[in-house]
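Input: a single structure, listed below in structure tokens.
The values are calculated or read from the model by the stated rules, or taken from the named source; none is laboratory data. Worth saying up front: this structure is predicted, and the values here are computed from it rather than measured. Every residue, glycine as well, gets a Cβ built from its backbone with ideal geometry; the counts of neighbours run over all protein chains shown. In case anyone asks, the SASA skips ligands and DNA or RNA and just uses the protein heavy atoms, side chains included. Shrake-Rupley method; radii C 1.70, N 1.55, O 1.52, S 1.80 Å.
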Amino acid sequence: MDQKPQPLPPPHVLIFPLPLQGPVNSMFKLAELLCLSGLHITFLVTEHINARLLSYSNIQSRFSNYPGFQLKTIPDGLPEDHPRSGDKYMELFDSLKSKSKPFFKEMLTSCSPCDETRRPVKFIIADGYLGFTCDVANEIGIPIVYVRTISACCLWIFFCLPKLIEAGELPFVGDDLDTLIKSVPGTESFLRRRDLPGFCRSCDLNDENMRLYSKEGEENSRAHGLILNTFEELEGPILTHIRSVCPNIYTIGPLHAHLKTKLSKQTTSLAASSSSLWKEDRNCMTWLDSQPSKSVIYVSFGSIAKLTKIQLMELWHGLVNSCARFLWVVRPDSVVGKDWESQVPEEVKEGTRVRGYIVGWAPQEEVLAHSAVGGFLTHNGWNSTLESIYEGVPMISWPYFLDQQVNGRFMSEVWKLGLDMKDSCDRNIVEKMVRDLMEVRKEEFSKRAEDMAQWAGTCLSEGGSSYCNLERLVRDIESMTK
Ligand code: UDX
């Protein structure tokens, strides 16, 4: 009797994030969404990231539920003793480009014909900063789509950098940071010099950041498409401009919430996924349980930002003087100089005991979802911004670098979800802004935040924009890998 033709194993996709906490978090969410859609996934991380995932995350147990998933590692080419702290991200990017590219190509070409249930990698999803992945994909004839884990509004500004330079708006002449920028369509009425990505203030056109980011438009057009961790209702007008450069974009965010929504329909309930690179201190959740509703401002500046001890003290005095309760993440490597524990004067520990709680790293998604949290003093890294929007938590922006200045301006001026404390770190300003957010203008910001959270939920429900774009992405992967 004729054998029935065996069904082909599912398409095999390789996912390669930037080796930083923010991008790793969002790309693991994407990987799980694609596993739930029936694809086979190879997730590629650097050896350094893998070691930290093994120490602090639940990735191994989490993805043991998906037989089509495997984790692979690649060297980042840095010396063993390199700190790999996010503030040295350009050294990391350069090393990946020059030293990891051969390993990446080797992995794809020498990929032993996988067992009969897994075909060789036929599709690549890589962070758009890793341009060498597109070189290799084109060399060996595999389709590639870039993921951008920054906001669309910042990506659009990167696309417009050559125009800013051509129009003489960069480098800045004079030091008036409140001058409006004219060469970024869609932002002329509110984008100031101080809201551009931090590196634009260096005014050095040969600055390595300027060189890298002013090629973003050209670089991103090389891939078959762009996956953006955002949603149409949030960044629609800017997305229209981006589509004029890269027509094929998949807005499927907020990714962390998209996964939550998909899993809520599953029978097997899985514990919250954590791809944390630091040890989470879960005692803060018990502390939150004993706080009144919406009474706590959560304070965290992501995985890269650093602050001086003077800034730490100004923030602390402002928080204490505001009389708000606060949960503050002071990441172990975040205070410039010695380890912060040895420097924090007794007054901070005393004052904090009254209404505050300090941890080295928190389960942030759960903290923002907690009923006691009513505000977020954030650096506006993109993952934190989306997590706060989805939970309906108003924000105060204190940006550190890169896309955070832009995100803070859109959050306060366009989406009206809070206040922008950009460029100041003074205890009186901190106190006033916290009081405004948590008391004086609480109703105004809570209403806006609840409306935006509603829109975020709608885009993820069946027929919503992000829901439909994820389906389109899976269909396109299947059709390009037949
Ligand atoms: C980096 C860049 O700094 C940011 O500007 C860019 O948008 C993304 O890449 P990062 O600084 O780490 O990201 O900030 P963010 O994007 O907010 O990502 C931080 C992640 O760590 C979030 O997913 C957040 O939930 C998580 N986090 C943060 C914790 O789990 N616990 C914490 O205590 C703090």
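Normalised by the number of residues in the chain, the mean separation of alpha-carbon contacts (under 8 Å, six or more apart) gives a relative contact order of 16 percent.
Computed per residue of the chain from DSSP H runs no shorter than four, each worth -39500 (n - 2.57), the mean residue ellipticity at 222 nm is -12500 deg cm²/dmol.
A simple spin-label model places the labels of E233 and T458 0.4 nm from each other, with each point 7 Å out along Cα-to-Cβ. Counting Lys and Arg as +1 and Asp and Glu as -1 over every other residue whose Cβ lies under 13 Å from the Cβ of M411, the net charge comes to -2.
Using a cutoff of 8 angstrom between alpha carbon atoms and counting only pairs six or more residues apart, the relative contact order for the stretch 199-345 works out to 16 percent. In this structure, the amide hydrogen of A362, modeled 1.01 Å from its nitrogen in the peptide plane, lies closer than 5 angstrom to those of D281, counting only residues at least 5 positions away or on a different chain. Between the amide H of T42 and those of V13, L14, I15, Q70, distances stay under 5 Å, these residues lying 5 or more places away or on another chain, with hydrogens modeled in the peptide plane.
Gap in Å between the Cα centre of the stretch 51-82 and the Cα centre of the stretch 154-215? Each part's Cα centre sits 37 Å from the other's. Between S371 and D204, the contour length at 0.36 nm per residue exceeds the Cα-Cα span by 55.5 nm.
R243: net charge of surrounding residues, Cβ under 12 Å, Lys/Arg +1, Asp/Glu -1, itself excluded?
-2
Our estimate of slack between R282 and S264, defined as 0.36 nm per intervening residue step minus the Cα-Cα distance, is 4.2 nm. Taking a straight line from the alpha carbon of K416, these lysines sit under 24 Å away, with near neighbours fewer than eight places off in the same chain left out: K182, K294, K432, K442, K447. Restriction of the GluC sites (Glu not before Pro) in the stretch 362-463 to DSSP coil positions whose beta-carbon has at most 11 other beta-carbons within 10 angstrom yields E462.
In the context of the full set of protein chains, the stretch 141-278 has a per residue accessible area of 38 Å² (1.4 Å probe).
Applied to the stretch 22-30, the Karplus parametrisation 6.51 cos²θ - 1.76 cosθ + 1.60 on θ = phi - 60° returns per-residue 3J(HN,Hα) values of x, x, 4, 4, 5, 6, 5, 5, 4 Hz, with x for Gly and Pro.
In a DSSP loop and with at most 14 other Cβ atoms within 10 Å, the chymotrypsin sites (Phe, Trp or Tyr not before Pro) in the stretch 106-212 are F190. Dipole check for the stretch 1-104: with +1 at the C-beta of Lys and Arg, -1 at the C-beta of Asp and Glu, and the Cα centre as origin, the magnitude is about 200 Debye. Phi angles across the stretch 135-147 convert, under the Karplus curve 6.51 cos²θ - 1.76 cosθ + 1.60 with θ = phi - 60°, into 3J(HN,Hα) values of 4, 5, 4, 5, 4, 9, x, 10, x, 9, 10, 8, 10 Hz, Gly and Pro given as x. Taking each residue as 0.36 nm, the span from I310 to E439 lengthens on full extension beyond its C-alpha to C-alpha distance by 43.8 nm. Among the GluC sites (Glu not before Pro) in the stretch 1-106, those located in a DSSP loop and surrounded by at most 10 other Cβ atoms within 10 Å of their own Cβ are E80.
In the calculated pair distance distribution of the stretch 317-436, what percentage of Cα-Cα distances lie above 21 Å? More than 21 Å apart: 40 percent of the Cα pairs in the stretch 317-436.
Our summary gives the stretch 373-455 a relative contact order of 32 percent, counting only alpha carbon pairs under 8 angstrom and 6 or more residues apart.
Projected label points at E139 and N65, each 7 Å from Cα along the beta carbon direction, are separated by 3.8 nanometres. Using the Cβ-Cβ distance between Q3 and R472 with R0 = 41 Å, the FRET efficiency computed as 1/(1 + (r/R0)^6) comes to roughly 0.75. Using the Cβ atoms and a cut-off under 11 Å, what net charge is assigned to the surroundings of V359, where Lys and Arg are +1 and Asp and Glu are -1? Around V359, the charge tally is +1.
Straight Cα distances below 21 angstrom link K262 to the lysines K29, with same-chain residues fewer than 8 positions distant left out.
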